[in-house]
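Novice: The structure under discussion is supplied below as structure tokens; questions concerning it will follow.
Values quoted throughout were computed directly from the atomic coordinates according to the rules given, and no laboratory measurement underlies them. The shown structure was predicted, so the numbers you read here are calculated from the model rather than taken from an experiment. Here the Cβ is made from the backbone with ideal geometry for all residues, glycine too, and neighbour counts use every protein chain on show.
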2 protein chains.
Amino acid sequence: MREVGIGIAGFGTVGGGVLSILENHAREIEARLGARIVVRRVAVRDVAKERAVALHPGLVTPRLSDLLDDREVEVVVELIGGTTEAFDLVAGALRRGKHVVTANKALIAARGDELFRLAAEKGVDVYYEGAVCGGIPIIRTLREALASDRIQALHGIVNGTTNFILTAMSENGEPLAQALAEAQRLGYAEADPTLDVSGGDAAQKLCILAQLAFGARLRPEDVLTEGIMQLEPADFAWGRGFGYALKLLAVACRVERAEGEVPGPDLIEARVHPAFIPQASLLAGVRGAMNAVQLRSDALGPSMLFGQGAGALPTGSAVVADIIDLSRNIVASSPGRVPLPPSTPRVQLRSHDEIRCGYYLRFSVKDVPGVLARIANTLADRRISIAAVEQRDQADGGGAVPLVIVTHRAREADMRGAIAAIDRFDTTVAPSRLIRIEEL
Amino acid sequence: MREVGIGIAGFGTVGGGVLSILENHAREIEARLGARIVVRRVAVRDVAKERAVALHPGLVTPRLSDLLDDREVEVVVELIGGTTEAFDLVAGALRRGKHVVTANKALIAARGDELFRLAAEKGVDVYYEGAVCGGIPIIRTLREALASDRIQALHGIVNGTTNFILTAMSENGEPLAQALAEAQRLGYAEADPTLDVSGGDAAQKLCILAQLAFGARLRPEDVLTEGIMQLEPADFAWGRGFGYALKLLAVACRVERAEGEVPGPDLIEARVHPAFIPQASLLAGVRGAMNAVQLRSDALGPSMLFGQGAGALPTGSAVVADIIDLSRNIVASSPGRVPLPPSTPRVQLRSHDEIRCGYYLRFSVKDVPGVLARIANTLADRRISIAAVEQRDQADGGGAVPLVIVTHRAREADMRGAIAAIDRFDTTVAPSRLIRIEEL
């Protein structure tokens with residue numbers, strides 16, 4: 001039977017998952033593939049370390065270069081993370097005509113283009129299903145199942161940590177700090193949760209998805225990104241009253257140019273931020289650390305994929321599915337069967353100022369005559385149209401009352417200008433809160 | 001540029017969708033495929049008929065055999081439906097070494113094995129993503145993304161007609177006849193809706209999915225199948241009180257043998273029936289004519305795919321995705337890249353008598369002393385354990401009162417015996433209603 005030799009770099013959580021799936025399901029994989037996947041080398045930082053999944057000592061090496069030098073390694077599986085050492089390893093593998101499977105979202109988001117170009121030159125493949133949403137086959141679906149379709153919008157819950165926190169805040173009325181501590185205790189959040197709670201992790205994933213869905217080329221820093229640290233239990237309660245659930249969404253969508261915008265190629269918006277979405281929507285039902293990606297496309301209409309976004313076995317199974325797919329290409333001598341995304345962008349990113357959304361605004365104001373009129377005038381001056389207003393009598397300790405306004409779609413720069421003006425009023429007692437609304 | 005010649009048999013709704021996608025997205029498809037898909041022949045029953053999507057007259061033929069005889073047709077796209085003429089066409093194509101794409105669930109459910117065997121013999125491919133759940137890439141996901149995983153359970157809402165009807169009954173309290181008439185008026189149900197409302201269509205789809213998920217070989221008549229015609233608005237209301245939504249589910253799952261069951265190979269249950277599911281589950285949020293399939297597997301854990309199950313463009317896009325995938329195999333000379341399901345079954349079907357479920361039971365009984373005790377004794381005699389009871393005072397016109405019992409998991413044959421006995425009581429005034437419960 002034909003053997004496909006692989007070399008694994010990095011042997012943490014996902015590496016252990018990959019090896020245990022390869023071992024436990026070897027017979028099924030052989031039957032479905034008609035070939036045997038053989039682990040030739042495993043490169044680890046600390047050879048002496050005790051591991052949950054046992055490694056044959058003859059396989060283990062502390063040198064990444066051993067994977068490159070081993071002629072029997074046809075596929076390099078990169079699981080070391082980061083963008084420097086991992087880049088050198090992947091680029092080195094491609095240069096030597098080896099195929100690559102990676103679960104490294106930071107690497108693909110930051111330097112995917114260079115790697116894809118190199119792979120195309122060398123006639124080899126790069127697979128990266130595990131880099132986005134763990135076990136959800138979103139990369140495969142975008143590359144293959146939707147190959148004949150035109151995607152209009154993508155809305156994703158792509159970060160399990162923040163979805164766990166927001167679910168706890170919503171269902172138990174917990175403040176953010178408490179929900180975050182709970183997530184850390186259960187292992188859903190890291191000791192330093194910055195990358196997750198800032199929206200940065202979601203922005204990296206969005207860049208990868210937007211390239212496949214729209215032919216966009218974005219860097220994470222291009223994406224309008226807002227995290228969840230500003231959210232308060234009160235916002236969940238107010239939103240519920242308007243029929244909304246609150247989620248951290250990654251959004252990329254085609255948009256029409258508004259009057260006055262500079263003409264040019266097709267335009268998309270790309271943003272990561274807390275968003276109110278209809279309670280009856282499927283995305284609102286995605287609870288805890290689960291992930292989901294909703295698509296809207298011309299032929300298929302609305303569709304959604306749901307599953308676990310992280311973890312040894314979910315991400316491991318995505319990596320193994322990639323190894324199997326690559327092995328099929330190797331066995332059939334058909335590398336490059338599904339082309340990697342082109343490096344010339346096919347769409348342009350709308351500037352943040354021009355983004356359009358509905359908004360939920362929560363003001364803390366002094367309970368004196370004329371306050372609502374002044375705020376309403378400030379919004380009207382910037383052509384921001386009000387859909388609903390709610391003011392509650394009960395003043396909090398400082399004599400302030402909450403005033404909540406839901407607006408129709410408005411221009412981001414106009415909204416920022418209005419909020420800045422309102423926050424300077426002497427009747428405004430705390431910075432105003434702004435949460436975007438997505439009707440999906 | 002390499003051309004891949006296709007011949008389309010049948011040009012109804014889906015055929016029109018396929019051609020319009022191929023035409024409208026020709027440039028994207030060429031770019032992604034590196035080859036051009038060219039329609040060489042279209043076989044239609046009535047050549048003279050006016051069509052929404054225009055056909056070049058030179059392409060059209062009334063003879064299916066023209067597709068087989070045309071050496072430039074490399075892929076036959078079968079969209080004529082049925083299991084006789086379609087079987088002859090597909091088998092004829094395979095025998096001549098042509099690849100096949102079909103959206104014909106009845107054909108694959110009834111005679112897929114013969115066709116898969118023939119395809120393997122001839123070294124050609126059969127693709128059938130469009131046969132199940134229209135645009136949802138469930139076949140591709142089961143064959144490829146989950147290639148390294150072991151599936152434990154599959155729960156699907158795979159029939160849009162019945163889901164539309166049940167959504168209307170649930171949300172508007174409509175009786176079934178009214179919801180069905182509305183579905184017919186809107187084109188979601190056919191003039192003769194039997195195949196949909198009986199569960200027969202869902203059973204065909206379940207056979208196809210269970211083969212991919214478990215290596216089962218089932219005929220639709222092997223599946224325990226109950227339709228929706230017995231459901232009444234009262235059941236929705238009672239279920240809601242217990243926290244349940246009511247859906248027509250297609251279920252296939254691995255089960256452990258109970259004590260006393262004959263030993264043998266791995267065991268699965270396969271059934272299609274109305275089921276109460278938790279209101280907070282994602283499947284409960286699948287509304288109207290939409291479809292969804294939820295999987296539970298060892299590595300991935302829970303996952304779900306959601307989308308439109310029917311229609312010219314959703315199903316057309318699945319067919320075109322298959323054509324593109326097949327074309328990649330043709331261009332790379334790698335037919336049989338993903339093997340078709342094996343014809344030797346790897347699991348055995350549990351007999352209907354041995355199926356285990358929770359049950360919701362609704363009795364109509366005379367309001368006389370001792371009725372509840374008699375029913376409870378009858379259940380207890382058959383080791384059926386009660387989880388909840390609710391009786392309401394208000395008698396209906398005939399002096400009967402409703403009595404609802406929710407049971408723990410019980411054996412199907414025991415439950416049928418109990419119901420038959422209870423229906424013979426002189427205190428029972430109408431046939432008892434039974435709805436299975438799936439906790440998902």
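Novice: Give me the lysines in straight-line cross-link reach of B:K247: C-alpha distance below 19 Å, same-chain residues under 8 apart excluded.
Specialist: B:K205
Novice: Next question. Using DSSP to call loops (not H, G, I, E or B), can you name the chymotrypsin sites (Phe, Trp or Tyr not before Pro) in the range B:150-254 whose Cβ has at most 11 other Cβ atoms within 10 angstrom?
Specialist: Details: sites: B:F164, B:Y188, B:F214, B:F236, B:W238, B:F242, B:Y244; in loops: B:Y188, B:F242.
Sites meeting the loop and neighbour criteria: none at all.
Novice: Using Cα-Cα distances under 8 Å and only pairs 6 or more residues apart, what relative contact order does the range B:355-437 have, in percent? List each step's numbers first, then the result.
Specialist: On the way: 149 pairs, mean separation 41.1, N = 83.
Relative contact order here is 50 percent.
Novice: If you scale each eigenvalue of the Cα gyration tensor by 5 and take the root, what three semi-axes come out for chain B, rounded to whole angstrom and sorted largest first?
Specialist: Details: eigenvalues 419, 113, 60 Å².
Each semi-axis is √(5λ); the values are 46, 24, 17 Å.
Novice: For helix A:105-122, what angle does its Cα long axis make with the longest principal axis of chain A, in degrees from 0 to 90 and rounded to 10?
Specialist: Its long axis makes an angle of about 40 degrees.
Novice: Here is a follow-up. What's the angle, to the nearest 10 degrees (0 to 90), between helix A:176-185's Cα axis and the longest principal axis of chain A?
Specialist: Helix A:176-185 sits at roughly 20 degrees to that axis.
Novice: Under the definition of Cα pairs under 8 Å and six or more residues apart, what whole-number percent is the relative contact order of chain A? Write down the numbers at each step before the final one.
Specialist: On the way: 890 pairs, mean separation 73.2, N = 440.
About 17 percent, as a whole number.
Novice: When the scattering of the range A:103-240 is computed by the Debye formula from its Cα atoms alone, each counted once and equally, what is log10 I(q)/I(0) at q = 0.10, 0.15, 0.20 Å⁻¹?
Specialist: -0.41, -0.82, -1.20
Novice: Moving to a separate point now. Would you mind checking the radius of gyration and Dmax of the range A:355-437 based on alpha-carbon positions, in Å?
Specialist: Cα-based Rg and Dmax for the range A:355-437 come out at 11.9, 36 Å.
Novice: Place the label 7 angstrom along Cα→C-beta at A:T84 and in each other copy, then list the distances from the first to the rest in nm, shortest first.
Specialist: 7.4
Novice: Still on this model: About its Cα centre, what dipole magnitude does the protein assembly as shown give when the only charges are +1 on Lys and Arg Cβ and -1 on Asp and Glu Cβ, stated in debye to the nearest 20?
Specialist: On the way: 98 positive and 108 negative charges, 239 e Å.
That gives the protein assembly as shown a dipole magnitude of about 1140 debye.
Novice: Along the principal axes of its C-alpha atoms, what lengths does the range A:58-124 span, in descending order and rounded to whole Å?
Specialist: That gives 35, 25, 15 Å along the principal axes, largest extent first.
Novice: Can you list residues whose amide H is under 5 Å from A:Y127's amide H, if they're 5+ apart or on another chain and H is modeled 1.01 Å from N?
Specialist: A:V100, A:V101, A:T102
Novice: Moving on to the next point. To one decimal in nm, how far is A:D414 from the same spot in the other copies, if labels go 7 Å from Cα toward Cβ? Please give the shortest first.
Specialist: The projected label point of A:D414 is separated from its counterparts by 6.7 nm.
Novice: Shifting gears a bit: Would you mind getting me the FRET efficiency between A:R416 and A:Q184? Use the beta-carbon distance for r and R0 = 25 Å, nearest 0.05. Could you put the intermediate results ahead of the total?
Specialist: Working: r = 33 Å, r/R0 = 1.32.
Using R0 = 25 Å, I get an efficiency of 0.15.
Novice: Within the set of other residues whose C-beta is less than 10 Å from the C-beta of A:H155, count the net charge using Lys and Arg as +1 and Asp and Glu as -1.
Specialist: +1
Novice: Which cross-chain or sequence-distant (5 or more) residues have an amide H under 5 Å from the amide H of A:G288, H modelled 1.01 Å from N in plane?
Specialist: A:T167
Novice: Okay, next question. How large is ³J(HN,Hα), in whole Hz, for each residue of the range B:253-264 in order, when computed from phi with the Karplus curve 6.51 cos²θ - 1.76 cosθ + 1.60 and θ = phi - 60°, using x for Gly and Pro?
Specialist: Values, residue by residue: 8, 5, 9, 7, 5, 7, 4, x, 6, 4, x, x Hz.
Novice: Output ³J(HN,Hα) for the range B:148-160: one whole-Hz value per residue in order, computed from phi by the Karplus curve 6.51 cos²θ - 1.76 cosθ + 1.60 with θ = phi - 60°, and x for Gly and Pro.
Specialist: 9, 10, 10, 7, 9, 8, 9, 10, x, 9, 10, 10, x
Novice: Right, next: For the protein assembly as shown, give me the percentage of DSSP beta bridges that are antiparallel, rounded to the nearest 5 percent.
Specialist: Numbers: 105 of 155 bridges.
Around 70 percent antiparallel, to the nearest 5.
Novice: For the range A:255-281 and the range B:233-247, what is the centre-to-centre distance using only Cα atoms, to the nearest Å?
Specialist: Distance between centres, Cα-based: 39 Å.
Novice: Here's another thing I want to ask about it. For a footprinting-style exposure proxy, rank B:R40, A:R36 by other Cβ within 10 Å, fewest first. Walk me through the numbers on the way to the answer.
Specialist: Working: B:R40 19, A:R36 14.
So the residues, fewest neighbours to most, are A:R36, B:R40.
Novice: Using a Förster radius of 51 Å, what is the FRET efficiency between A:V38 and B:D367 based on their Cβ-Cβ separation? Nearest 0.05, please. Write out the running numbers ahead of the final one.
Specialist: Numbers: r = 73 Å, r/R0 = 1.43.
E(calc), rounded to 0.05, equals 0.10.
Novice: Put a label point 7 Å from Cα along the Cβ direction on B:A26, then list its distances to the equivalent points in the other copies in nm, shortest first.
Specialist: In nanometres, ordered from closest: 5.2.
Novice: Just how far, in whole angstrom, is the range B:164-232 from the range B:325-392 if you go by their alpha carbon centroids?
Specialist: Going from one Cα centre to the other spans 16 Å.
Novice: Applying the Karplus parametrisation 6.51 cos²θ - 1.76 cosθ + 1.60 with θ = phi - 60° to the phi angles of the range A:240-251, what ³J(HN,Hα) value in whole Hz is obtained for each residue in order, glycine and proline being reported as x?
Specialist: Values, residue by residue: 4, x, 8, x, 10, 9, 10, 9, 7, 10, 9, 10 Hz.
Novice: On a 0 to 90 degree scale, rounded to 10, what angle separates helix A:371-381 from the longest Cα axis of chain A?
Specialist: 60 degrees
Novice: A further question follows. Mind checking which lysines have their Cα closer than 29 Å to the Cα of A:K49? Skip sequence neighbours fewer than 8 apart in that chain.
Specialist: Within the straight-line limit of under 29 Å, A:K49 reaches these lysines: A:K98, A:K105.
Novice: In Å³ and rounded to a whole number, note down the convex hull volume per residue for the Cα atoms of the protein assembly as shown. Each step should come with its number before you reach the end.
Specialist: Numbers: hull volume 175.2 nm³, N = 880.
Spread over its residues, the Cα hull of the protein assembly as shown gives 199 Å³ apiece.
Novice: Cα gyration tensor of the range B:240-355, axes a ≥ b ≥ c as square roots of the eigenvalues: rounded (a/c below 1.5), prolate (a/b > b/c) or oblate?
Specialist: Numbers: a/c = 2.64, a/b = 1.24, b/c = 2.12.
Since a/c reaches 1.5 but b/c is at least a/b, the shape of the range B:240-355 is classed as oblate.
Novice: If you build the convex hull over the alpha carbons only and average its shadow over all orientations, what do you get for the range A:141-202? Give it in nm² to one decimal. It would help to have the intermediate numbers written out before the result.
Specialist: Values: hull surface 23.0 nm².
The number I arrive at for the range A:141-202 is 5.7 nm².
Novice: Sticking with this one: So, in nm, how far is label A:E50 from label A:R409 when the simple model puts each one 7 Å beyond its Cα toward the Cβ?
Specialist: 6.0 nm
Novice: According to the square roots a ≥ b ≥ c of the eigenvalues of the Cα gyration tensor, what is the shape class of the range A:1-146, taking rounded for a/c under 1.5, prolate for a/b larger than b/c otherwise, and oblate for the remainder?
Specialist: On the way: a/c = 1.36, a/b = 1.15, b/c = 1.18.
Rounded.
Novice: Turning to a different aspect of this structure: Over the range A:146-308, what portion of Cα pair distances is larger than 20 Å, expressed as a whole percent?
Specialist: Here the tail beyond 20 Å accounts for 52 percent of pairs.
Novice: Would you tally the net charge around B:Y128, using a Cβ to Cβ cut-off of less than 9 Å, leaving B:Y128 out, and scoring K and R as +1, D and E as -1? List each step's numbers first, then the result.
Specialist: Values: positive: B:K105; negative: B:E129, B:D322.
Summing Lys and Arg as +1 and Asp and Glu as -1 gives -1.
Novice: Using label points projected 7 Å from each Cα along Cα→Cβ, tell me how many nm separate A:R2 and B:R27, to one decimal.
Specialist: Label-label distance for A:R2 and B:R27, simple model: 3.7 nm.
Novice: Let me ask something else. Taking amide hydrogens as modeled 1.01 Å from N in the peptide plane, which residues meet the under 5 Å criterion relative to A:A43, leaving out close sequence neighbours?
Specialist: Those lying under 5 Å, H to H, from A:A43 are A:I8, A:A9, A:G10, A:T61.
Novice: With n ≥ 4 as the cut-off for DSSP H runs, can you work out [θ] at 222 nm for the protein assembly as shown, using -39500 (n - 2.57) per run divided by the number of residues, rounded to the nearest 500? Walk me through the numbers before you get to the answer.
Specialist: On the way: 26 runs with 296 residues, N = 880.
Result for the protein assembly as shown, helices only: -10500 deg cm²/dmol.
Novice: Could you list A:T225, A:T83, B:T167 in order of exposure, starting from the residue whose Cβ has the fewest other Cβ atoms within 10 Å?
Specialist: Values: A:T225 18, A:T83 14, B:T167 21.
Placing the least packed residue first, the sequence is A:T83, A:T225, B:T167.
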